[in-house]
Structure formats: structure tokens, C-alpha cells
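What follows is one structure encoded as C-alpha cells, with my remarks underneath.
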Amino acid sequence: MPVYKDKSRGTWYVVTRYKDWTGKLRTTTKRGFKSKVEAKRYEVEFSEKKDNSLSMTFGSFVEIYMDSMEKRLKENTLQTKVAIIEKKILPYFKDKKLCEITPTDVISWQNEMMKQTTKTDKEFAPTYLKTLHNQLSAIFNYAVRYYGLSSNPARIAGNMGKETSGEMQFWTKEEYMTFSKAMMKKDGIFQAFEMLYWCGLRLGEMLALTPSDFDFDKKTVRINKSYQRIKGEDVITDPKTIKSNRVVQMPDFLADEMEDYLSRQYELKPNNRIFTVTKSGMHHEMDRGCKETGVKRIRIHDLRHSHVSLLIEMGFSAVDIANRVGHESVKITYRYAHMFPSKDKAIADKLTDFRGGAFNE
């Protein structure tokens, strides 16, 4: 792979030859290098990358990793991954050789991330720090699994941050009822919040709903898609997980409210989105309602937590709740364990009765 001087431009270029996945010989040219040293560095790096050598730089391996991920991830998930890698990971690891990155390097990076702040000078949330580490670890896991890297230095270094951001926020039924009175003034906004609270929908699931999703004879709503705003465009994607595809039974009053609302939307077609308010618009309405009613401000996603806590209070099991909100039951048990009433005394009493007094007879 020779390096040449482009005399007319005063720059250097590299002509590279390699075999593609079919075994066919290919030739490609890379121009615009300011020096011969820079061109030679690219030549070496290109060769190592094509040979899948662990001596390639971390930056080159990320290109391989992202090529693989591009077709496997939903667009919004991919964009989140790209943003984290480009802004928080590559600036630190890009030029290091993949095989030479150590747990100590990862710890140094973690320390740097924990020192950084947001635009409002707040420290990164523990959940965000954990997300950053998980993204880095995923890259090394890919190298271990498919490219023979001996170990994952991010796993050895250990995680930073934590899974949850402290105490879970939710509204009681009384708090939601107070808030909802302020929402009644805006047709469409009121119904949107009703779907979130009484059905436990994710915001993207609610924003993707169409008239065809409702069966008012059975009083059900079908959840099979999610709305995202990606790169300035409206995008409808599959739901978050396989379990998220579900049919939710609506309470009678909510079915009546939605049937009445849809009957007044004369221009709405069966596959048109019902709620065209933006996510930021929903946040604005929540700010307005909380300020007007004095109800504490929670996140919109916390309405989903509120629905789960309401169902727990009503005595439903983790399996029943998981099926309704599109979660695995083990996640419901883990995340909301502190809300479920303790059955330990009842278990002990049952065991006492079951054993009986055999040794005393």
C-alpha cells in the first residue's frame, strides 16, 4: 500500500488494496494527508483494521462495532449510542491501541467523567454515569466475543454510577385527580394524560396511538408501536421490547372518554396519530398543571410508576402488572419490591401450620 505525494495539492495520499468479504481484490484511495507521516500512519491502521488486528486503534474498532450495530438497533437507540461514544468515549480512547487499553485507563476515564458537569453546572446523574460505562463495556465485550480480545478492561475496572436515581417518584390517585382537573380545560391534552395514568403507557406508546388501535366493544387499546422524534422528523418504531406488544384493557370511564373524544375528531383517519402534541409540549402542560394545582412535579415517565404503584396498592400480583405495562415480571418485582406488602409473616404462619406438632406427639 504505497504512499504518494500529490504535487498539485501539496498533500499526500494512500492507495490501499485489500480483499473484501467475497475474496475479491479491491483498491481504494485516501487523499488529503498533510504529511507523509500522517499518510503512513493511516496506511498501517488500515492494514490492521482489515486484518482484524487487535493492534488497531480503539477509534478504528469503534467503526467496525458501529457498522455491526447500525442494522441491529432501533434508530433512536442508535442515535443515543452514537452521541455517547462520540462525545464521551472517543475523545479519551480514540488513538489508543485496542489491545493496550487497561483497567487503569478505564478508571482514569471514569474519574474524568465523574468530574464533568452538565450545561447547568450539575454533576452527571448516577444513572447517566452508569449508562456511559455500559456503552464502553459493550464495545469491549464485542471485541472479546468476536475479535479475540483477552478480557474486558471495563468489566475488570468495575462500574460507576448506579441503576436507579434514588427514590422513585409517583402520584397517588388523589394527586392525579387534582392534577387532571387542570387538564380538563384542554381537549386532547386531558385524554393524553388519562391514557398515561390509567393504562401505564410509555410516552412514546401514547403518542403513537391511532383510532384503529381502539376496540370500544371490548374496551381495549392495542400497543404495537412507539413515536420518536429523530433528527427533526417524526418516526414510528416498534415498541421498546417484545413484551411491550400488548393489548390493554381500559377501565369503563376511560373507554367512554376516548370514544367521545375520537367521535369529535372528524378529520382523523384510522391510521392517523391521535395525539400530535410534542413531548416537550407534554412537559409544558405538566408544568402548567402542577403550578396551577400545587401537586408536586414528577417526570412524565413517573406516571407509569404511578400506575404500577396504584395496581400494587389494589392488590394485583407482579405477573398481572407486568403483563399490563409490558414488563418482565422479574423487573416489576425488583424495581417495586419495596411497595409490595410483606407476606413474610403469613408465610411463617403457613409453615407453622404445615409442620404441625409432630415432635411433641
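Only the coordinates and a few stated rules stand behind these numbers; no lab work does. As the structure is a computational prediction, the values presented were derived from the model and not from experiment. Cβ sites come from the backbone with ideal geometry, for glycine too, and all protein chains shown count toward neighbours.
If the Kirkwood radius is taken over C-alpha pairs of region 227-286, then at 20 °C and 1.002 mPa s the Stokes-Einstein diffusion coefficient equals 150 µm²/s.
Might you report the magnitude of the Cβ-based charge dipole of region 173-339 about its Cα centre, with Lys and Arg at +1 and Asp and Glu at -1, to the nearest 20 debye? Each step should come with its number before you reach the end.
On the way: 27 positive and 24 negative charges, 135 e Å.
For region 173-339, the charge dipole is close to 640 debye.
Under a model in which nothing but the beta-carbon of Lys, Arg (+1) and Asp, Glu (-1) is charged, the chain shows a dipole of about 2040 debye around its Cα centre. Each of 113, 168, 314 was scored by other Cβ atoms within 10 Å of its Cβ. Listed from fewest to most, they are 314, 168, 113. Given the options 328, 43, 267, which has the most mean-square fluctuation in a GNM of the chain, springs set between C-alpha atoms less than 10 angstrom apart? In this elastic network of the chain, the residue with the biggest mean-square fluctuation among 328, 43, 267 is 267.
On full extension, the segment bounded by residue 245 and residue 114 gains 43.4 nm, given 0.36 nm per residue less the C-alpha separation.
Relative to the longest principal axis of the Cα atoms of the chain, the long axis of helix 103-115 makes an angle of roughly 60 degrees.
The alpha carbons of region 73-171 give a radius of gyration and a Dmax of 14.5, 50 Å, in that order.
Pair-distance distribution of region 173-339: all C-alpha pairs, bin width 5 Å, starting at 0; shares per bin in whole percent are 1, 8, 17, 22, 21, 18, 10, 3, 0, 0.
Helical runs (DSSP H, four residues minimum) scored at -39500 (n - 2.57) apiece and divided by the length of the chain put the mean residue ellipticity at 222 nm at -14500 deg cm²/dmol. Sorted into 20 angstrom bins from 0, the C-alpha pair distances of the chain split as 21, 42, 27, 8, 1, 0 percent. Between 0 and 90 degrees, the angle of helix 344-355 with respect to the longest Cα principal axis of the chain falls at about 70 degrees. Between residue 222 and residue 63, residue separation times 0.36 nm minus the direct Cα-Cα distance comes to 53.4 nm. Cross-linked pairs 122/225; 119/162; 97/122; 243/296; 74/225; 88/231: Cα-Cα separations exceed 24 Å for 122/225; 97/122; 243/296.
Against the chain, whose longest principal axis is taken from its Cα atoms, helix 189-199 shows a tilt of about 90°.
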